[in-house]
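Have a look at this one before I ask anything.
Each value in this text was obtained by applying a stated rule to the coordinates, not by laboratory testing. Worth saying up front: this structure is predicted, and the values here are computed from it rather than measured. In this analysis, Cβ positions are derived from the backbone assuming ideal geometry, glycine residues included, and neighbour counts consider all displayed protein chains.
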Amino acid sequence: MTLAKQPPLPGAVLTAPSASDDDRRRRRRRRDSGTSVLKHAGLIVLSLVMIYPLLWLVVSSFKPNDEIFTNLSIFTTNLTVENYVDGWDSQGPPFTLFLVNSSILVIGAIVGNLISCSLAAYAFARLRFRGRNLFFVIMLGTIMLPFHVVLVPQFVIFEQLGWLNTFLPLIVPKFLAVDAFFVFLMVQFIRALPREIFEAARIDGAGHFRTFLQVTLPLMIPALATTAIFTFIWTWGDFFGPLIYLRTRDVFPVSVALKGFVDAQSSSDYGAMFAMSVVSLIPLFIAFLVGQKYLVKGFATTGIK
């Protein structure tokens, strides 16, 4: 059985697309294509401008010292690995020691932030106690507090404790949830979790500590990864804190050790400094490359724009 073709309704007028409409569509498509090409070309040019200093640093690390500032191009044929060989041992201790010192600081800071900030965030997000909102506002207010304001009191405290020239002033505070940004990040993440999960855990007889370990932490992987990556980047590149508390070269991290290649009173070995700078950037590049998906997911699920 086939359906008969229905005749057009009385009074209906069937019109075919006019040639002018087709021309407008084609012009619109050409205009959109041209705009897209211009946008992509602009982004490519901007990306090249932004990445040029990094490319110049990498190329200059292979140039002789007398050619680094005379030839600013990233194209050169006079390449050598002498800067890497000289820079590795020119500080007295091998550069491996500075990498190990930075690794100790980074590991301690990451562990401290993950433990303390997650506990503080769970308390602000799920516990009910007197003054919770006030304490949360005060905690957020510390984000706007410059580090230099508390530098002198902290230095006096650590000096009286005998912690100067050790890693303790740079690691122990991380176990006290001093990075309010990460606490806020995790609070937003925990508040976004379905409340039914916590109610089910309470019905099953789980207390707050068990709920935190077995329910909250497994769901907080994106926020925890984001905290770990940012802590790694900020601690690895921190210069001011180690410069204040560390005195001898054998406890210097990479950030302070690189300063030893530049001397205002004598000649500076820029080639070796650039070479070791490239070496020190490799862990940061790997950390960002491995954790970029967690960074995106962590911010996307916390409501932070």
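When the dipole is taken about the Cα centre of the chain, and only Lys, Arg (+1) and Asp, Glu (-1) are charged at their Cβ, what size is it in debye, to the nearest 20?
Numbers: 26 positive and 18 negative charges, 418 e Å.
It comes to approximately 2000 debye.
Next up: Kindly express, to the nearest 10 degrees and within the range 0 to 90, the angle between helix 132-141's C-alpha long axis and the longest C-alpha principal axis of the chain.
It works out to around 70 degrees.
Cut-off is 10 Å between beta-carbons; in what order do THR227, THR35 appear when sorted fewest neighbours first?
Numbers: THR227 26, THR35 10.
So the ranking, lowest neighbour count to highest, is THR35, THR227.
Throw me the Rg/Rh for region 73-128, computed over C-alpha atoms with Kirkwood Rh, two decimals.
Values: Rg = 21.4 Å, Rh = 15.4 Å.
We get a ratio of 1.39 for region 73-128.
Order 106-116, 137-147 from most to least packed using the mean count of other Cβ atoms within 10 Å. Don't skip to the answer; put the middle values down first.
Numbers: 106-116: 19.5, 137-147: 10.7.
Those peptides, ordered most packed to least, come out 106-116, 137-147.
Sticking with this one: From Cα pairs below 8 angstrom and at least 6 apart in sequence, can you work out the relative contact order of the chain, rounded to a whole percent? Present the calculation step by step, with values, prior to reporting the outcome.
Values: 267 pairs, mean separation 83.0, N = 305.
Worked out over the chain, it gives 27 percent.
Cα-Cα pairs above 19 Å in region 93-186: how many percent?
Values: 2305 of 4371 pairs.
Percent of Cα pairs beyond 19 Å in region 93-186: 53.
While we're looking at this one, here's another question. Could you work out the pair-distance distribution P(r) of region 32-80 from its alpha-carbon pairs, with 10 angstrom bin width and percents rounded to whole numbers?
Bins of 10 Å from zero give 24, 35, 20, 15, 5 percent of pairs.
Which one, THR76, SER36, SER60, is farthest towards the positive end of the dipole of region 20-83 when Lys and Arg carry +1 and Asp and Glu -1 on their Cβ?
SER36
With a sphere of radius 12 Å drawn around the Cβ of LEU105, what net charge do the other residues whose Cβ falls strictly inside it have (Lys, Arg +1; Asp, Glu -1)? Walk me through the numbers before you get to the answer.
On the way: positive: LYS174; negative: ASP238.
Net of charged neighbours comes to 0.
Cross-chain or 8 or more residues apart, Cα under 29 Å: how many lysine pairs in the chain fit that? Count them up, please.
Final tally of qualifying lysine pairs is 10.
List the trypsin sites (Lys or Arg not before Pro) within region 130-206 that DSSP assigns to loop and that have no more than 15 neighbouring Cβ atoms inside 10 Å. Let's see the in-between values first.
Details: sites: ARG130, ARG132, LYS174, ARG191, ARG195, ARG202; in loops: ARG130.
Counting only loop positions with at most 15 other Cβ atoms within 10 Å, the trypsin sites (Lys or Arg not before Pro) in region 130-206 are ARG130.
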